[in-house]
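Right, one structure below, let's go through it.
The values are calculated or read from the model by the stated rules, or taken from the named source; none is laboratory data. As the structure is a computational prediction, the values presented were derived from the model and not from experiment. Cβ placement follows ideal geometry from the backbone for every residue including glycine, while neighbour counts extend to all protein chains displayed. Surface areas here come from the heavy atoms of the whole protein model, side chains and all, with no ligands, DNA or RNA. Shrake-Rupley method; radii C 1.70, N 1.55, O 1.52, S 1.80 Å.
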Amino acid sequence: MKRICFINSVKTWGGGEKWHFEASTYMHKKGYDVLVITNKKSELYNKLKNTNITSVGIKINNFSFLNPFKINTLKKILKQHNIDTIVINLSEDLKLGGLASKRAGVKKIIYRRGSAIPIKNSFLNRYYFKNIVTDIIANSEATKRTVLENNNKLFPIEKIKVIYNAIDCKKHSKTSPPYYQKTDNNHIRIISLGRLEYEKNHKFLIYLSKELKERNIKHKILVGGEGSLKESLIEQSKKLKVDKEISFLGFIDNPKELLQSADIFIHPSLWEGFGYVLAEASLYKKPVIAFNTTSIPEIIVHKKSGFVVEPNNIKKVANVIELLASNKKLRDDLGLYGHNFVTENFDSSIIYKQMEDYLIS
């Protein structure tokens, strides 16, 4: 039986940490010996306390790989647990975990790439991808392309495997009361979810609201999520006099409730490794508008489950909203197609079987 280790030292909770938790839980339930190495102060570590999965806390930073004591400590942990396969998510974890794994004799050292940002063609990266990493998992075709974008000889392309992020379709099929009850059918309700940071591009929604208002399209844009740009976004909406049309709601405990409030879901992100929220919106049968960038066209099928539009083109997005606002049947048809597409392609029962077969091969 394979002995598998997952390393993720991030303290906060995000898509990568969710993947490591769910992947390690799945493999543990299938009967494999699983070890998770993370930070003792991380959300991942806290969640693992409620499972029978063995977890070890260790602090890792960008320079830990220069510390012989840390390398040796991690090497001993891996040898003690007789690890055959290790999955590493972050660059700082790869620097330390890769070296320790190599010295511990781990046969399969997998780097999981979850961000569609090109890998730098640095000396250190060239060394690691030639001498340490044996395999790469990418969470989309777009992410796979970025691995070799700056150096097509960095790593053998045939050893880069695309395994999409898994969606628990059964869990999301359960409905709950919507966050926002619609009282006026003359308004179109537009929902967006995501961290209020640069790459999520929520500023676009403010200018979109201004365009819709100038076209006399009655609308309400509700944005769920926290982030460093929250106050500046609120100020910008006031400056453009659309603060009554767009609301920044802050952190949402149950995103499902907000998604179920939507007539349209919009995602103005400039890039995605794999957009969980796009798939989740489709599962709730909501038509999706997003930009034609990175992995997004792999999740949203243009004119079938939503509209994939040129990035930051306010006029085109406003045209789509105007079309959808006046055509409920089209919204319903797009939502149904999206629901079926996600269920058939990203359901956890399909994705985790792919992952299991890959990890134990």
Cα-based Rg (one decimal) and Dmax (whole number) for region 216-292, in Å? 13.1, 36
For region 1-125, just the Cα atoms, rotate onto the principal axes and tell me the three extents in Å, largest first. 40, 30, 24
Span per principal axis, largest first, for the Cα atoms of the chain (Å): 66, 39, 37
Spelling it out for residue 56: with amide H atoms placed in the peptide plane at 1.01 Å from N, the residues 5 or more places away or on another chain with amide H under 5 Å from its amide H are 36, 37, 38
The long-range amide H neighbours of residue 113, using H built 1.01 Å from N in the peptide plane and a cut-off of under 5 Å, are 137, 138, 139
With only alpha-carbon atoms in the gyration tensor, what are the semi-axes of the equivalent ellipsoid for region 252-361, in Å, largest first? 26, 16, 13
Sorting 360, 137 on solvent-accessible surface, 1.4 Å probe, most exposed first, gives 360, 137
With no solvent and one point per C-alpha, what does the Debye sum give as log10 I(q)/I(0) for region 42-181 at q = 0.12, 0.14, 0.18, 0.19 Å⁻¹? -0.59, -0.76, -1.11, -1.19
Hey, if you put +1 on the Cβ of every Lys and Arg and -1 on every Asp and Glu Cβ in the chain, which of 318, 156, 94 ends up farthest toward the positive end of that dipole? 94
Contact order normalised by length for the chain, with contacts defined as Cα pairs under 8 Å and 6 or more residues apart; what percent is it? 13
With respect to the cross-link table entries 108/353; 120/144; 170/328, which display a Cα-Cα separation exceeding 20 Å? 170/328
Which ³J(HN,Hα) values in Hz, rounded to whole numbers, follow from the phi angles of region 253-258 under the Karplus curve 6.51 cos²θ - 1.76 cosθ + 1.60, where θ = phi - 60° and Gly and Pro get x? 4, 10, x, 4, 5, 6
For region 36-42, just list the computed ³J(HN,Hα) in residue order, Karplus coefficients 6.51, -1.76 and 1.60, θ = phi - 60°, integers in Hz, with x standing in for Gly and Pro. 10, 9, 8, 8, 5, 9, 8
Can you compute the charge dipole magnitude of the chain about its Cα centre, using +1 on each Lys and Arg Cβ and -1 on each Asp and Glu Cβ, nothing else charged? Give it in debye, rounded to the nearest 20. 840
Number of Lys pairs (Cα under 14 Å; 8 or more positions apart or on different chains) in region 54-100: 4
Starting from region 59-120, pick out the trypsin sites (Lys or Arg not before Pro) whose DSSP state is loop and whose Cβ has at most 11 other Cβ atoms within 10 Å. 59, 107
Of every hundred units of 1.4 Å-probe accessible area on the chain, the number belonging to carbon and sulfur atoms, as a percent, is 49
Dipole of the chain [Lys/Arg +1, Asp/Glu -1 at C-beta], most positive-end residue of 258, 269, 206: 269
Residue-wise HN-Hα coupling along region 220-229, computed from phi with Karplus coefficients 6.51, -1.76, 1.60 (Hz; x: Gly, Pro): 9, 9, 10, 10, x, x, 10, x, 5, 9
Over region 35-166, calculate the relative contact order: mean separation of alpha carbon pairs under 8 Å at least 6 apart, over the residue count, as a percent. 18
Find me the longest stretch of the chain that has none of the exposed chymotrypsin sites (Phe, Trp or Tyr not before Pro), where exposed means in a DSSP loop (not H, G, I, E or B) with at most 13 other Cβ atoms within 10 Å. 64-250
Among 295, 53, 123, which residue has its Cα positioned farthest towards the positive end of the charge dipole of the chain, with +1 placed on the Cβ of Lys and Arg, -1 on the Cβ of Asp and Glu, and the dipole taken about the Cα centre? 123
Cα-based Rg of region 52-98 normalised by 2.2 N^0.38 Å, two decimals: 1.13
Residues of the chain: accessible area per residue with a 1.4 Å probe, Å²: 47
